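Notes follow once the structure below has been shown.
The values are calculated or read from the model by the stated rules, or taken from the named source; none is laboratory data. Model, not experiment: these values are computed from the prediction. Here the Cβ is made from the backbone with ideal geometry for all residues, glycine too, and neighbour counts use every protein chain on show. For the accessible areas, the whole protein counts, side chains as well, though only heavy atoms, and no ligand, DNA or RNA atoms are used. Shrake-Rupley method; radii C 1.70, N 1.55, O 1.52, S 1.80 Å.
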Amino acid sequence: MQVLVTGSQGRIGRYVQARLEEAGHTVVGFDVAAGDDIRDPAAVRAAAQGCDAVIHMAAMLADPKDDPNDVMHVNLQGLWHVLTTAEALDIRRIVSFSSVNAMGIFIGESVPDFLPIDESHPCRPGRPYALSKYLGEEMCRLFTRRSGITTICLRPPWVCFPENYAHVRQRWAENPEREYTPIWEYGAFCDVRDVAAAAVLGLTCPDPGHARLLLCADDVMTSGPSSRELAAQIHPDVEWRGGDEYTRDPFRALVDNSRAKAVLGWQPHYRWRE
Ligand SMILES: NC(=O)c1ccc[n+]([C@@H]2O[C@H](COP(=O)([O-])OP(=O)(O)OC[C@H]3O[C@@H](n4cnc5c(N)ncnc54)[C@H](O)[C@@H]3O)[C@@H](O)[C@H]2O)c1
């Protein structure tokens with residue numbers, strides 16, 4: 001398959017590109033760092049010629065220093081250019097990077113209605129990046145409805161790189177409070193190698209139409225307490241909906257990845273405790 005990869009020079013993009021090449025796909029990279037701007041529809045169209053699918057990652061992230069107008073412009077108009085290009089060139093499959101932030105309950109935006117979190121949790125994003133990701137998912141949903149083109153929106157939490165594990169443990173050892181403050185992300189993370197594998201599987205998995213998938217490691221990031229203990233300690237007033245699975249596996253993630261596993265045929269390999 002020939003795959004247009006936007007954001008190909010980004011931190012995740014490099015892993016996705018390598019994984020695609022390992023799987024025998026041909027990558028057409030697209031990144032403003034190489035002079036290709038997602039805000040330019042003609043540039044997107046030219047790059048997408050001859051491609052069979054798109055993995056869309058080009059975005060501005062949740063950096064409070066960024067101008068919200070730029071975040072919206074790059075993230076939403078950029079996605080619009082990808083979608084309309086796909087329709088014009090009859091590219092039938094798009095894997096688009098959203099984020100857990102689309103839900104509006106990460107980076108301290110609001111307290112969840114219940115734990116563990118799954119895709120049924122209501123979305124209420126307010127900050128520019130989170131809102132751009134949620135509106136991007138909605139754009140994908142409506143676009144699939146109109147055109148029949150498959151759109152798979154991946155929602156990773158914090159993406160962990162191989163070099164991050166030791167660094168985070170060291171920070172927690174120096175200052176244990178850092179594990180929960182200033183914000184607690186429910187101990188959710190996903191290794192970048194698992195994220196890249198999920199993106200590549202999204203190109204060939206059975207057609208789900210439009211899907212939004214939480215990508216999370218199987219276990220929780222914690223220095224010791226179990227998932228249930230953390231939830232009770234940090235969010236004592238939040239409804240607990242977990243069951244026996246947290247007795248069998250006390251460190252089971254608080255973000256449910258079962259839909260991603262079912263839709264993509266995906267299994268994350270990297271755990272916090274290994
Ligand atoms: N890193 C995480 O923890 C995380 C978590 C959830 C979701 N995501 C999503 O994953 C995707 C990749 O994130 P990343 O961590 O690799 O970020 P990154 O900033 O390293 O990569 C984003 C890439 O997009 C490119 N880009 C930005 N503006 C562009 C434009 N106008 N035209 C073309 N390219 C442009 C950048 O040059 C960069 O290479 C993003 O969509 C992000 O929202 C990341």
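Can residue 19 be described as in a helix (DSSP H, G or I), away from the ligand (no atom under 13 Å from the Cβ) and surrounded by fewer than 18 Cβ atoms within 10 Å (Cβ to Cβ)?
No.
Being of a type outside the set (Val, Ile, Thr), open to solvent by less than 60 Å² (accessible area, probe 1.4 Å) and over 20 Å from the mean Cα position of the chain (by Cα) narrows it down to one residue among 88, 58, 62; which is it?
Just a single option satisfies the conditions, and that option is 88.
Considering only segment 108-122, state which residues are surrounded by fewer than 18 Cβ atoms within 10 Å (Cβ to Cβ) and hydrophobic (A, V, I, L, M, F, W, C).
111, 114
Just to verify a result, which residue in segment 170-214, among those that are among the hydrophobic types (A, V, I, L, M, F, W, C) and in contact with an Asp or Glu (Cβ under 7 Å, 6 or more places away or on another chain), is modelled with the lowest pLDDT?
172
Go through segment 56-101 residue by residue and tally those that are assigned to a loop (DSSP other than H, G, I, E, B) and more than 11 Å from the ligand (Cβ to nearest atom).
Residues that pass the stated criteria total 6.
Give the number of residues within segment 1-16 that are within 13 Å of the ligand (Cβ to nearest atom) and not in a helix (DSSP H, G or I).
7
Which members of segment 45-55 meet the condition of being within 20 Å of the chain's Cα centre (by Cα) and within 12 Å of the ligand (Cβ to nearest atom)?
55
Any residue at all in segment 33-44 that's crowded, with 17+ Cβ neighbours inside 10 Å, part of a helix (DSSP H, G or I) and within 21 Å of the chain's Cα centre (by Cα)?
No, that holds for no residue.
Residue by residue through segment 199-214, note down the ones that are touching a strand residue (DSSP E or B) at 6+ places or on another chain (Cβ under 6 Å) and open to solvent by less than 60 Å² (accessible area, probe 1.4 Å).
Within segment 199-214, 199, 202, 203, 210, 211, 212, 213, 214 meet the criteria.
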